[in-house]
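Below is one structure, written out as structure tokens; the observations come after it.
Nothing in this text is a laboratory measurement; each read-out follows from the coordinates by a stated rule. If you're wondering where the values come from, they're calculated on a predicted model, not measured in any experiment. All Cβ positions, even for glycine, are placed from backbone atoms using ideal geometry, and neighbour counts span all protein chains on display.
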Amino acid sequence: MSRNLVVAGHGMVAQRFLEAFADRGADGWTVTVLAEEHRPAYDRVRLSAWFDTYDAADLDLGGAPAGVELRLGQAVTAIDRDRRVVVTPAGETPYDALVLATGSRAFVPPIAGADLPGVFVYRTIDDLEQLREWSTANGRRVGAVLGGGLLGLEAANALRLLGLETHVVEFAPRLMPLQVDEGGGAVLRRHIEALGVTVHTARGCAGLEGGPDGVTTMRFNDGGELAVDVVVVAAGIRPRDELAEAAGLAKGPRGGFLVDDSCATADPAVWAIGECASLSVEGGDGVCYGLVAPGYAMAEVVADRITGGGSKMALPDTSTKLKLLGVDVASFGAPFAPGLDVVVTDQVTGVYAKLLLTDDAKTLLGGILVGDASAYPTLRASLGGPLPAAPLAMLAPAGDGAVKMDLPGTAQVCSCHAVTKDHVTDAIAGGCADVAGLKTCTKAGTGCGSCIPLLKQLLAAGGVAQSKALCEHFTYSRQELFDIIRVRRVTSFSELVSTYGSGRGCDICKPAIASILATTNPGYILDGEQAALQDTNDHFLANIQRDGTYSVVPRIPGGEITPEKLIVIGEVARDFGLYTKITGGQRIDLFGARVEQLPVIWQRLVEAGFESGHAYGKALRTVKSCVGETWCRYGVQDSVGLAIDLELRYRGLRAPHKLKSAVSGCARECAEARSKDFGIIATENGWNLYVAGNGGFRPRHADLFLTDLSTEDLVRYIDRFLMYYIRTADRLQRTAAWLEAMDGGLDHLRDVIVDDSLGLCAELDAQMAQHVTAYADEWRATLDDPDRLARFVSFVNAPETPDPDITFEVERGQKVPTRQGPVPVTIGGAR
Ligand SMILES: Cc1cc2nc3c(=O)[nH]c(=O)nc-3n(C[C@H](O)[C@H](O)[C@H](O)COP(=O)(O)OP(=O)(O)OC[C@H]3O[C@@H](n4cnc5c(N)ncnc54)[C@H](O)[C@@H]3O)c2cc1C
Ligand code: SF4
């Protein structure tokens with residue numbers, strides 16, 4: 001006779017339990033899931049990814065396994081343990097075994113005004129939908145998050161992405177106080193502030209004020225206040241254990257259904273798993289874990305127990321990795337325990353790393369990584385055992401594959417699904433040939449995803465060639481797609497994806513293919529479906545700034561400009577009230593233009609002979625020059641003339657990354673040509689060409705490539721260098737990284753573009769010639785076409801109305817965006 005298994009809640013852990021139960025071939029059971037939410041289980045760990053597409057389907061976990069009856073929108077309201085039934089508003093459901101997987105709720109501290117409209121929590125897709133609807137309504141500009149923990153920082157990123165000025169308020173003296181120490185907190189704070197988020201630490205919220213139209217003010221416990229339109233409370237979570245008391249089930253010291261190491265309550269027919277469980281292991285009092293990995297482990301144990309096994313829970317791993325775009329933070333093991341620590345702080349690159357070892361330095365107890373968490377998968381897998389290399393070697397920023405591979409077979413590679421290195425290497429030996437295959441065979445990589453780099457390394461160590469697929473929509477690398485587009489004469493993304501890819505594309509493949517199409521099919525980059533592929537800057541042919549205005553950067557080839565043109569720039573800046581700044585690349589930035597002002601500003605500039613400086617695109621930016629032999633006593637060649645010619649030749653050239661260049665008139669190198677993608681330094685005998693330098697996060701001096709070239713040869717080799725890079729580099733790969741990854745390095749590059757070892761040179765030359773001939777200024781092309789102009793409005797339904805949210809104040813005689821946060825720097829008293 002069939003027995004009834006009832007699961008209360010359909011969250012991530014319930015889903016994992018149902019899969020584990022089905023995997024064990026649970027014959028003889030009828031399974032019913034009663035779920036409060038109106039949608040099947042989704043990936044709550046990746047909840048913030050909803051802001052990428054606003055499509056809940058992207059978080060789908062695949063639905064309940066076949067044969068399971070899933071009743072959505074039916075919360076369990078009571079458990080009658082004597083009669084073994086659970087109660088929902090729709091009626092009673094009998095059970096022989098009951099699994100409680102009701103998760104947590106966001107904790108809202110008892111502060112006045114927490115129930116005002118505009119105050120949200122961050123837990124479900126419904127919460128995010130409401131948050132978005134409220135935040136994007138007209139007039140809402142400032143958002144604050146209560147809580148500077150992992151969840152609070154994710155919520156802050158969401159507010160940023162919604163275009164709000166964002167504040168994070170944290171009671172503790174540092175961000176993520178549970179995961180990082182003082183040193184890590186200080187570095188993390190700098191990273192978060194660099195994203196434009198204002199951080200208030202050691203500050204609490206004493207109350208919220210507002211009215212029926214929403215929250216307006218946050219009052220701090222130190223007497224200060226902040227004008228707010230949106231507040232997200234991310235102050236912690238509380239287990240959903242409200243069924244416990246009436247059902248006579250014991251709770252843990254901090255709430256949660258109290259369960260033993262088999263995840264059973266005192267009633268052997270009732271189990272609890274995931275965030276609603278208070279787990280008592282090794283005689284402990286009971287702890288609620290707010291992470292998915294312990295929940296998954298509990299799901300496995302209960303699936304095993306109900307089907308007759310004897311699994312037990314060990315103390316769970318509480319490692320975490322922050323998923324805040326652009327800021328790497330990881331905390332693992334017990335980083336605050338007593339022991340020997342090794343700490344590395346690099347103020348220059350913003351990296352902080354700490355490892356904690358036992359007193360004999362033989363066992364890794366835990367660690368904290370901020371700014372660069374590339375070593376996280378290896379370090380976490382080494383927890384509880386010896387480090388595979390000396391601590392300092394492990395903390396070296398870029399890590400090193402040889403060090404990483406030296407893990408014991410029992411090391412846990414994926415803590416979400418408790419998968420060891422042996423599991424993974426066995427799967428590889430059994431024929432798993434890529435990450436997707438390993439995910440299916442072992443489940444590694446299907447949780448938080450932080451072990452995926454380690455899976456790739458294990459595949460490589462197992463001799464499996466790695467996929468260079470651009471993204472999930474194309475199995476081809478960027479280089480292969482470039483060749484397909486060129487050889488098959490593909491002219492649109494939809495044609496490419498329908499013939500050579502799958503799905504509708506994503507934020508990775510769309511701009512990468514837009515860039516290839518711009519190289520292979522020169523023309524206006526916003527025509528037809530091309531417009532939808534571009535990222536925000538290219539979409540408006542201008543750089544979007546943090547306050548939602550745009551900066552306009554006219555091209556000034558070689559930095560040479562006539563007084564008349566300077567006057568026009570000055571007049572335009574004055575008439576439109578634009579903030580004006582001279583850049584390090586010999587350009588004049590004009591900041592603060594509203595979108596509907598862009599065409600009027602361009603009109604004036606185009607009439608004066610300017611064109612777009614492409615400061616917005618992954619394209620050639622500038623060719624900087626010194627004054628060279630025209631004015632300088634030391635100059636041996638005309639650096640200005642060459643810089644102008646080169647800039648005009650390569651203007652508008654789309655590439656995997658932005659490109660910069662410079663020409664110096666002698667070896668004194670005043671134009672800083674050796675920090676550029678291609679730099680030229682004059683010699684008595686001609687030009688020296690340097691390649692693959694860059695500034696940025698990891699500066700690199702360019703390598704000397706060819707010496708004493710004639711101008712004609714120089715241009716020919718630069719043409720080929722650029723085209724070969726554009727054709728073969730990966731998406732967002734700078735020339736420096738491209739050259740470093742190239743088999744044979746500089747010598748190979750010389751073989752290809754000087755000695756024509758691949759027989760490609762004629763093609764590269766022809767492609768560059770096509771670019772030079774077809775170039776057209778994008779500002780002018782926009783002005784010449786009323787249809788193209790139509791996109792440059794603040795509001796589609798009120799094109800004449802400027803966005804009222806954009807406000808300015810005056811600083812050092814020029815307008816700048818209104819600031820709520822830090823005061824501008826003033827040295828030596830008032831100016
Ligand atoms: C934004 C965010 C980011 C996160 N990031 C990470 C991360 O990086 N790493 C990590 O490990 N964890 C992370 N977490 C935590 C992780 O999501 C949870 O640990 C995990 O979802 C817990 O799964 P669960 O099934 O126990 O609970 P949940 O996923 O919360 O599911 C519980 C379900 O039960 C339903 N329910 C409640 N009461 C009842 C009832 N009486 N009857 C029927 N149904 C009921 C709820 O509506 C809910 O749908 C994050 C959480 C959030 C919100
Ligand atoms: S690089 Fe040489 S030519 Fe150019 S400004 Fe400096 S010293 Fe003069």
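If Lys and Arg each add +1 and Asp and Glu each add -1, what is the summed charge of the other residues whose beta carbon sits under 15 Å from the beta carbon of residue 705? Taking every Cβ under 15 Å from that of residue 705, the sum is -3.
Judged by the mean number of other Cβ atoms found within 10 Å, the most tightly packed of the peptides 341-351, 686-696 leads the ranking 686-696, 341-351. Its relative contact order, with pairs defined as Cα atoms under 8 Å and 6+ residues apart, puts the chain at 7 percent. In this structure the amide hydrogen of residue 105, modeled in the peptide plane, comes within under 5 Å of the amide hydrogens of 238, 240, none closer than 5 places in sequence on its chain.
Can you work out the PRE-style zone for residue 683? Point 7 Å along Cα to Cβ, and I want the residues of the range 617-649 with backbone N under 20 Å. Answer for this model: 626, 628-629, 634-640, 642-643.
Charge tally around residue 117: other residues with Cβ under 13 Å, Lys/Arg +1 each, Asp/Glu -1 each, net -4. Axis angle, to the nearest 10 degrees, between helix 125-135 and the longest C-alpha principal axis of the chain: 40 degrees. Between the helical axis of 563-575 and the longest alpha-carbon principal axis of the chain there is an angle of about 40 degrees. Between the helical axis of 509-520 and the longest alpha-carbon principal axis of the chain there is an angle of about 20 degrees. Compute the FRET efficiency between residue 811 and residue 494 as 1/(1 + (r/R0)^6), taking r as their Cβ-Cβ distance and R0 = 56 Å, and round to the nearest 0.05. Here the calculated transfer efficiency is 0.75.
For residue 815, the lysines whose Cα comes closer than 30 Å to its Cα, not counting residues fewer than 8 places off in the same chain, are 565, 581, 618, 624, 658, 660. Within straight-line reach of residue 456, meaning a Cα separation under 23 Å, sit the following lysines at least 8 residues removed in sequence or on another chain: 321, 323, 404, 421, 439, 443, 468.
Rounded to the nearest Å, what's the spacing between the alpha carbon centres of the range 690-729 and the range 586-613? Just the number, please. Using only Cα atoms to place each centre, the spacing works out to 30 Å.
Maximal additional length on extending the residue 483-residue 336 stretch stands at 47.7 nm, based on 0.36 nm per residue less the C-alpha distance.
Each Cα pair under 8 Å and six or more residues apart adds its sequence gap; the mean of these over the residue count of the range 1-76 is a relative contact order of 40 percent.
Cα centroids of the range 632-686 and the range 204-232: 54 Å apart.
Just the number, please: percent antiparallel of the DSSP beta bridges in the chain, rounded to the nearest 5. Once the DSSP bridges in the chain are tallied, antiparallel ones form about 60 percent.
Ignoring aspartates and glutamates fewer than eight residues from residue 362 along the same chain, the ones with Cα atoms less than 13 angstrom from its Cα are 341. Close amide H pairs (under 5 Å, H built 1.01 Å from N) link residue 206 with 219, 220, 221, residues at least 5 positions away or on another chain.
For residue 644, neighbours were defined as the other residues whose beta-carbon sits under 10 Å from its Cβ, and their charges (Lys and Arg +1, Asp and Glu -1) total -3.
Measuring between their Cα centroids, the range 441-505 and the range 762-794 lie 30 Å from each other.
Dividing the mean sequence gap of close Cα pairs (under 8 Å, 6+ apart) by how many residues the range 139-232 holds gives a relative contact order of 30 percent. Each residue of the range 700-709 is assigned a 3J(HN,Hα), and the resulting list reads 9, 6, 5, 8, 5, 9, 9, 10, 6, 8 Hz, derived from the Karplus form 6.51 cos²θ - 1.76 cosθ + 1.60 (θ = phi - 60°), x at Gly and Pro.
Would you mind getting me the FRET efficiency between residue 710 and residue 774? Use the beta-carbon distance for r and R0 = 25 Å, nearest 0.05. Efficiency, from the Cβ-Cβ distance: 0.40. Here the alpha carbons of the chain define both size measures, Rg and Dmax, at 30.0, 100 Å.
Placing a pseudo-label 7 Å from each Cα along the Cα-to-Cβ vector at residue 701 and residue 46 gives an inter-label distance of 4.4 nm.
Extension gain, residue 475-residue 358: 0.36 nm per intervening residue step, less the Cα-Cα distance, totals 37.6 nm.
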